[in-house]
Amino acid sequence: MTKSKWIDISQPLDDKLAHWPGDTPFEYVTEYTKEQTGSVNIGKMTTSLHSGTHIDAPFHFDNEGARVLDLDINRYIGAARIIDASSFKQLDEHTFSQFDLNGVTRLLVKTSVSNNPTHFPQDFPSVSACGANYLGKNGIKLIGVDVPSVDHPDSKELSGHHALLQNDVAILENVMLDLVPDGDYDLIALPLPIRDGDGSPVRAVIRPLIQIQKGE
């Protein structure tokens, strides 16, 4: 049986990448050239751990929270469902209840915001406390959104982050879903093993989840 190809849903890391206002922009330079070393080029990057497509560790918003290397990597690998919530202004219980989440543990949410890595949106749908509670009650263990945060950019309380943590739901942000149909996929979005990190860039990829018929 021919397997489906993996689809990259990550934002490319380059100097055009939009970053959270006031945060460290991404920068890559070839620190040492092959002409200098006699053998190899060696690059260096400077970046926030929340540049591009990334995960949040609880320490990002909770001083007592787990760091990246404390996280269960199995959360970031496995079956995921993509839903199109672009007609909703808020990611709350009402929104999530419109979709079949039966048996789903990883949920990727397409919003009304266009996926443009070079532009930081000033407004976007956020996850409400009741939405996080609904996800937790329905067995969701990871939510991925196609915007920079699960909370509104003006929020200081970060109620969505905290409610998701209370419901044991991991956070994946800035996935690129505009060109991907709704449905079920395999997901890989592994964080780097940054021991004390509050987050990590990831290379998020998906492929259509093919149901293997009995006897194949």
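The values are calculated or read from the model by the stated rules, or taken from the named source; none is laboratory data. Computed from a prediction, not measured in an experiment: that's the story for all the values here. Counting neighbours? That spans all protein chains shown, and the Cβs are built from the backbone with ideal geometry, glycine included.
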### Message
Testing Lys44 on (1) within 26 Å of Asn138 (Cα to Cα); (2) among the charged types (D, E, K, R); (3) free of Cβ contacts under 8 Å to residues at least 24 places away in the same chain, one condition comes back false. Which one is that?
### Response
(1)
### Query
Does His119 qualify as being under 23 Å from Pro12 (Cβ atoms) and either surrounded by fewer than 23 Cβ atoms within 10 Å (Cβ to Cβ) or at pLDDT 95 or above (or both)?
yes
### Query
When the residues of the stretch 154-165 are filtered to those that are in a loop (DSSP other than H, G, I, E, B) and not small (Gly, Ala, Ser), which remaining residue is surrounded by the fewest Cβ atoms within 10 Å (Cβ to Cβ)?
Lys156
### Message
Quick test of your reading of the structure: Thr2 fulfils all but one of (1) of a type in the set (Val, Ile, Thr); (2) surrounded by 13 or more Cβ atoms within 10 Å (Cβ to Cβ); (3) at pLDDT below 95. Name the failing condition by number.
### Response
(2)
### Task
Residue by residue through the stretch 117-144, note down the ones that are touching a residue at least 60 places away in the same chain (Cβ under 8 Å) and either among the charged types (D, E, K, R) or touching a helix residue (DSSP H, G or I) at 6+ places or on another chain (Cβ under 7 Å) (or both).
Lys141, Leu142
### Task
Return the total of residues in the stretch 102-153 being in contact with a strand residue (DSSP E or B) (Cβ under 8 Å, 6 or more places away or on another chain), under 26 Å from Gly22 (Cβ atoms) and of a type in the set (Val, Ile, Thr).
7
### Residue, surrounded by the fewest Cβ atoms within 10 Å (Cβ to Cβ), within the stretch 48-90, restricted to residues that are among the small types (Gly, Ala, Ser) and under 21 Å from Ser126 (Cα atoms)
Ser87
### Unique match (being of a type outside the set (Val, Ile, Thr), touching a residue at least 12 places away in the same chain (Cβ under 8 Å), under 14 Å from Phe61 (Cα atoms) and loosely packed, with under 15 Cβ neighbours inside 10 Å) among Asp196, Asp182, Asp168, Asp178
Asp196
